[in-house]
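Here the structure is laid out as structure tokens; the discussion comes afterwards.
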Amino acid sequence: EPEVTQTPSHQVTQMGQEVILRCVPISNHLYFYWYRQILGQKVEFLVSFYNNEISEKSEIFDDQFSVERPDGSNFTLKIRSTKLEDSAMYFCASSEITGDTEAFFGQGTRLTVV
Amino acid sequence: QQQVKQSPQSLIVQKGGISIINCAYENTAFDYFPWYQQFPGKGPALLIAIRPDVSEKKEGRFTISFNKSAKQFSLHIMDSQPGDSATYFCAASLINDYKLSFGAGTTVTVRA
């Protein structure tokens, strides 16, 4: 069964450092997303990406965040200068089209900023 | 703004019992309401979804009930099994926009 894969599963970084979280969406999917889940809180939308550009972003997704699809298979989330409050589980998701089709989520990357 | 409110935060049910999770939404433009199941260390996985043109959808032991006028929807897990122990999230979005607004989640524990 096709799945969304994320690497690494756990990333520990120093405050102020840059991190890149990587995702390989399902191959025939066209829409890509990043969500995050702070420990004990709900899953929050960060950004959606379609046709090599951001289609929508939340207020959480400020200038410290960027996304990229560098090579047609990977989809990355970069945090330029990490803060303690960026510590969370980050989920990548992809869907074939938008609307009432299933978004498949990866297993997540746990980011710990120390 | 909390667009989707979910309750209870957690529940414990005996094997064979019924688990009921409730959600309420604010945005009347929402027209897609999925439920996600999440096991520890895994990402959310779609369990069942409903659109507002029907009041109920059933898939196996899982049923969504939808009340458009009250802006509420609920998940019923019939004949709950220990393998159903997980965190369940309701969510909502516009049909042409996959920006999901999630509820806070309900941790369900099924005791054998």
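The values are calculated or read from the model by the stated rules, or taken from the named source; none is laboratory data. Worth saying up front: this structure is predicted, and the values here are computed from it rather than measured. Using ideal geometry, Cβ is built from the backbone for each residue, glycine included, and neighbour counts are taken over all protein chains shown. Remember, those area values only see protein heavy atoms, side chains included, never the ligands or the DNA or RNA. Shrake-Rupley method; radii C 1.70, N 1.55, O 1.52, S 1.80 Å.
Listing for the model above:
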{"quantity": "Odd one out for residue A:107 among (1) facing chain B (nearest Cβ under 10 Å); (2) not in a loop (DSSP other than H, G, I, E, B)", "calculated": "(2)"}
{"quantity": "Leading residue by the ranking (surrounded by the most Cβ atoms within 10 Å (Cβ to Cβ)) among those in segment A:43-63 that are in a loop (DSSP other than H, G, I, E, B) and either in contact with a Ser or Thr (Cβ under 9 Å, 6 or more places away or on another chain) or more than 9 Å from every other protein chain (Cβ to nearest Cβ) (or both)", "calculated": "A:61"}
{"quantity": "In segment B:56-110, the residues that are among the small types (Gly, Ala, Ser) and outside any loop (DSSP other than H, G, I, E, B)", "calculated": "B:65, B:74, B:83, B:86, B:91, B:92, B:93, B:101"}
{"quantity": "Filter pass, residue A:27 being more than 10 Å from the chain's Cα centre (by Cα), open to solvent by 80 Å² or more (accessible area, probe 1.4 Å) and small (Gly, Ala, Ser)", "calculated": "yes"}
{"quantity": "Selection status of residue B:43, out of contact with any helix residue (DSSP H, G or I) (no Cβ under 7 Å at 6 or more places or on another chain) and open to solvent by 20 Å² or more (accessible area, probe 1.4 Å)", "calculated": "no"}
{"quantity": "Residues (of a type in the set (D, E, K, R) and under 21 Å from residue A:59 (Cβ atoms)) located in segment B:1-37", "calculated": "B:5, B:26"}
{"quantity": "Residue match in segment A:29-40 (condition: away from chain B (no Cβ under 11 Å), touching a Lys or Arg at 6+ places or on another chain (Cβ under 9 Å), under 22 Å from residue B:101 (Cα atoms) and assigned to a strand (DSSP E or B))", "calculated": "no"}
{"quantity": "Residue A:66 assigned to a strand (DSSP E or B), more than 27 Å from residue B:39 (Cα to Cα), among the hydroxyl-bearing types (Ser, Thr, Tyr) and more than 13 Å from chain B (Cβ to nearest Cβ)", "calculated": "yes"}
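Here is a yes/no grid of residues against (1) modelled with pLDDT under 90; (2) closer than 23 Å to residue A:1 by Cα; (3) touching a Cys at 6+ places or on another chain (Cβ under 9 Å):
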{"site": "A:20", "(1), (2), (3)": "no, no, no"}
{"site": "A:33", "(1), (2), (3)": "no, yes, yes"}
{"site": "A:36", "(1), (2), (3)": "no, no, no"}
{"site": "A:48", "(1), (2), (3)": "no, no, no"}
{"site": "A:51", "(1), (2), (3)": "yes, no, no"}
{"site": "A:54", "(1), (2), (3)": "no, no, no"}
{"site": "A:58", "(1), (2), (3)": "no, no, no"}
